[in-house]
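*Asks:* Sending over a structure as C-alpha cells; questions will come in a sec.
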Amino acid sequence: MKKLGWCYLLFCFILNTNANAQKGLEKIIVEKYYISTAKDTVGADSMGYLPIGSVTYRIFADLQPVYRLQAVYGVPEHELRIETTTRFFNAAIGDGRSANDVQPLQLVKGALLLDSWVTVGAAAVDYLGVLKADDDSVKSYGANNIQGILKNNDPQIGIPLTEKDGMKYLRYQPATQYYNLENDLKIFEYQHKDSVKGLFSTRDGAWASYGGSVGPQPENRILIAQLTTDGVLNFELNMQLAVPNGGVEKFVAKNPREGEVEFSELRYSSSPNNKAPIVSLIGPELKKLTSPQILEFSAMASDSDNGIITVDFYINDKLVATDTDAPYIFKYNYVGQSVKVSATAVDAGGARARSEDFIIPAMKKQGD
C-alpha cells in the first residue's frame with residue numbers, strides 16, 4: 001500500500017509541476033541545537049548511550065509565505081542521503097523514526113530531547129518545532145530534565161536548552177507519512193542501533209505531509225529533521241513544495257532536470273573542508289577463544305588532510321580506552337560474556353569515523 005501511495009504521489013507531482021519560475025524555497029537552515037558534555041553522557045546512559053561531544057542538528061526548510069512542504073524524497077535520478085561518519089544517537093525511550101512518535105511527558109527524561117528523527121514540522125506530539133530564537137514559549141523541557149543534564153551553554157549553540165527548547169505548543173501536528181522507507185528508517189530506531197550504519201539513503205522513497213505542511217507565518221520555517229551525532233554530518237535532500245495557487249515546485253540537491261531547480265543549500269557537510277578519517281579494527285581469532293583471556297585489538301587509522309590525533313576504543317558503545325600513538329592497541333580482559341568492540345578515529349580537525357563492530361561471542365558453559 002505504501003508503494004502504491006508513493007507511485008500515486010509521484011504521478012501527481014509530474015502532472016501538476018508548475019511551469020513558472022520556482023521561488024518557494026528561500027533557504028535551508030541548519031541549527032546547532034545542542035552539544036553534549038561528559039555529564040550528559042553519564043546522565044543519559046541508561047536511556048541510550050550519548051557520545052561526549054555529540055552535536056544535535058535541526059534542519060529547517062524556510063519557505064515563502066503560504067507555500068506548503070509536501071515531501072522530502074529520493075528518486076532514481078536524485079538520491080536522498082543523510083549520513084554520519086559514526087552513528088546517530090537514538091534514545092531508548094520514545095523509540096521512533098519520527099517526531100510524531102515522541103511523547104512530550106517523556107522529554108524530561110534522559111536525552112530524549114536530542115533523539116534523531118525526521119518530521120514534517122512536529123518536534124513531538126502536539127508540539128511544533130521552531131528555531132530556538134523563534135521560541136516565544138515560557139516552558140523549556142531542557143530546564144526541567146529529571147537527570148539534571150542538557151545544561152551546556154556553549155556559545156556555538158546560541159540559546160541554551162535551559163532557556164529555550166524550540167518547542168511550540170500547537171495541537172494537531174501534521175503526521176509524517178512514509179513511502180518505501182520500511183527498512184531505511186531503522187537508522188533512527190534504538191532497537192536497531194547495533195545493526196545499522198550511520199547512513200540513510202533512498203532512490204525510491206520519501207517522508208511526506210499528506211496535506212502539505214506550513215510553519216508559523218510569515219516566516220514559514222518547517223522543521224524536517226533532527227539529527228544527533230559525534231561524527232561528520234552530510235546530507236543531500238530533494239524537496240517538493242505546493243504552490244499557493246496550484247501546482248508544485250521541485251528543488252533538488254544537484255543535476256536538475258526539466259521542471260526542477262538545483263538548490264545548493266540542499267547539500268550540506270558539518271565539516272566541508274575536512275575529510276573524515278578512515279579506521280578499521282582488527283581483533284583476535286575467535287577460533288582460539290578461551291575464558292578468561294586477555295584479547296588484543298589493533299586499529300588501523302589514517303587521515304588524508306589533518307592527521308589522526310586519537311583512536312578511542314569502545315565496549316558496548318562505552319568509551320573504555322584512548323590511544324594517541326600508532327600502532328593503536330587496546331587490550332581487553334575477556335571473561336566469557338558477549339561484547340561489542342569498536343574504534344573511533346579522530347583527526348586534528350575534529351572529524352570522526354567509526355569502525356565496523358567486532359563481536360565477541362559468549363563462551364558456552366559445559367553441558368550447554
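*Asks:* Sort out for me the strands (runs of 3 or more DSSP E) sitting completely within the stretch 286-356 that have 3 or more residues that are at pLDDT 90 or above and more than 24 Å from Leu233 (Cα to Cα).
*Replies:* Here the list reads 293-302, 318-323, 328-334.
*Asks:* Would you mind stating whether Glu262 is without any contact (Cβ under 8 Å) to a residue 40 or more places away in the chain and either assigned by TED's automatic domain parsing to the domain that holds Lys27 or within 30 Å of Asp347 (Cα to Cα) (or both)?
*Replies:* Details: without any contact (Cβ under 8 Å) to a residue 40 or more places away in the chain: yes; either assigned by TED's automatic domain parsing to the domain that holds Lys27 or within 30 Å of Asp347 (Cα to Cα) (or both): yes.
Yes: the conditions hold for Glu262.
*Asks:* Looking at the stretch 67-80, which of the residues that are over 12 Å from Val252 (Cβ atoms) and of a type outside the set (A, V, I, L, M) is farthest from the chain's Cα centre (by Cα)?
*Replies:* In this case the residue turns out to be Tyr67.
*Asks:* Ok, one more. Which ones in the stretch 206-234 are among the aromatic types (Phe, Trp, Tyr) and either under 20 Å from the mean Cα position of the chain (by Cα) or farther than 15 Å from Arg68 by Cβ (or both)?
*Replies:* Going through the stretch 206-234, the residues among the aromatic types (Phe, Trp, Tyr) turn out to be 207, 210.
Once the filter is applied, which keeps residues that are among the aromatic types (Phe, Trp, Tyr) and either under 20 Å from the mean Cα position of the chain (by Cα) or farther than 15 Å from Arg68 by Cβ (or both), the stretch 206-234 yields only Trp207.
*Asks:* Just one of (1) hydrophobic (A, V, I, L, M, F, W, C); (2) within 30 Å of Leu281 (Cα to Cα); (3) touching an Asp or Glu at 6+ places or on another chain (Cβ under 7 Å); (4) modelled with pLDDT of 95 or more trips up Leu131, so point out which.
*Replies:* (2)
*Asks:* Further, regarding this structure: Would it be correct to say that Val196 is surrounded by 17 or more Cβ atoms within 10 Å (Cβ to Cβ), in contact with a helix residue (DSSP H, G or I) (Cβ under 7 Å, 6 or more places away or on another chain) and assigned by TED's automatic domain parsing to the domain that holds Ala253?
*Replies:* Taking the combined requirement at face value, the residue satisfies it.
*Asks:* Residues in the stretch 238-255: is at least one more than 24 Å from Arg203 (Cβ to Cβ) and surrounded by 19 or more Cβ atoms within 10 Å (Cβ to Cβ)?
*Replies:* Yes, some residue in the stretch 238-255 is more than 24 Å from Arg203 (Cβ to Cβ) and surrounded by 19 or more Cβ atoms within 10 Å (Cβ to Cβ).
*Asks:* Do the conditions hold for Gly211, that is, is it surrounded by 18 or more Cβ atoms within 10 Å (Cβ to Cβ), among the small types (Gly, Ala, Ser) and in contact (Cβ under 8 Å) with a residue 24 or more places away in the chain? Spell out the reasoning first.
*Replies:* On the way: surrounded by 18 or more Cβ atoms within 10 Å (Cβ to Cβ): no; among the small types (Gly, Ala, Ser): yes; in contact (Cβ under 8 Å) with a residue 24 or more places away in the chain: yes.
When the stated conditions are applied, Gly211 does not pass them.
*Asks:* List, please: which pairs have Cβ atoms under 6 Å, are six or more places apart or on different chains, and start with a residue in the stretch 145-161 that is in contact (Cβ under 8 Å) with a residue 12 or more places away in the chain and end with one that is surrounded by fewer than 17 Cβ atoms within 10 Å (Cβ to Cβ) and polar (S, T, N, Q)?
*Replies:* Sorted first by the residue in the stretch 145-161, then by its partner, the pairs are Lys151/Thr162; Pro160/Asn153.
*Asks:* A further question follows. Could you say whether any residue in the stretch 314-325 is buried (at least 18 other Cβ atoms within 10 Å of the Cβ), under 25 Å from the mean Cα position of the chain (by Cα) and under 23 Å from Val55 (Cα atoms)?
*Replies:* Scanning the stretch 314-325 turns up at least one residue that is buried (at least 18 other Cβ atoms within 10 Å of the Cβ), under 25 Å from the mean Cα position of the chain (by Cα) and under 23 Å from Val55 (Cα atoms).
*Asks:* Okay, next question. Answer yes or no: is there a residue in the stretch 150-161 that is at pLDDT below 95 and in a loop (DSSP other than H, G, I, E, B). I'd like the intermediate steps shown before the answer.
*Replies:* As a first pass, look at the stretch 150-161 and keep what is at pLDDT below 95: none.
No, that holds for no residue.
The rows are residues; the columns are (1) under 30 Å from Ala92 (Cβ atoms); (2) under 24 Å from the mean Cα position of the chain (by Cα).
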residue: Glu236; (1), (2): yes, yes
residue: Ala253; (1), (2): no, yes
residue: Pro256; (1), (2): no, no
residue: Pro272; (1), (2): no, yes
residue: Lys287; (1), (2): no, no
residue: Ala299; (1), (2): yes, no
residue: Ile329; (1), (2): no, no
residue: Gly336; (1), (2): yes, no
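*Asks:* Oh, and also: Which of the numbered conditions does Gln64 fail, given that it passes all the others? Conditions: (1) buried (at least 24 other Cβ atoms within 10 Å of the Cβ); (2) polar (S, T, N, Q); (3) over 17 Å from the mean Cα position of the chain (by Cα).
*Replies:* Status for Gln64: all satisfied but (1).
*Asks:* Pull out all pairs, ordered by first then second residue, where Cβ-Cβ is under 6 Å, the residues are six or more apart or on different chains, the first lies in the stretch 36-49 and is at pLDDT 90 or above, and the second is in a loop (DSSP other than H, G, I, E, B) and crowded, with 19+ Cβ neighbours inside 10 Å.
*Replies:* That search, which allows pairs on different chains as well, returns Ser36/Leu50; Ser36/Ser54; Lys39/Ile149; Asp40/Leu50; Asp40/Ile149; Thr41/Leu50.
Matching residues to (1) touching a helix residue (DSSP H, G or I) at 6+ places or on another chain (Cβ under 6 Å); (2) of a type outside the set (Val, Ile, Thr); (3) under 23 Å from Asp230 (Cβ atoms); (4) crowded, with 24+ Cβ neighbours inside 10 Å:
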residue: Thr85; (1), (2), (3), (4): no, no, yes, yes
residue: Ala91; (1), (2), (3), (4): yes, yes, yes, yes
residue: Leu105; (1), (2), (3), (4): no, yes, no, no
residue: Thr119; (1), (2), (3), (4): yes, no, yes, yes
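The values are calculated or read from the model by the stated rules, or taken from the named source; none is laboratory data. Every value quoted in this text rests on a predicted model; they were computed, and no experiment measured them. So basically every Cβ, Gly included, is an ideal-geometry build from the backbone, and we count neighbours across all protein chains shown.
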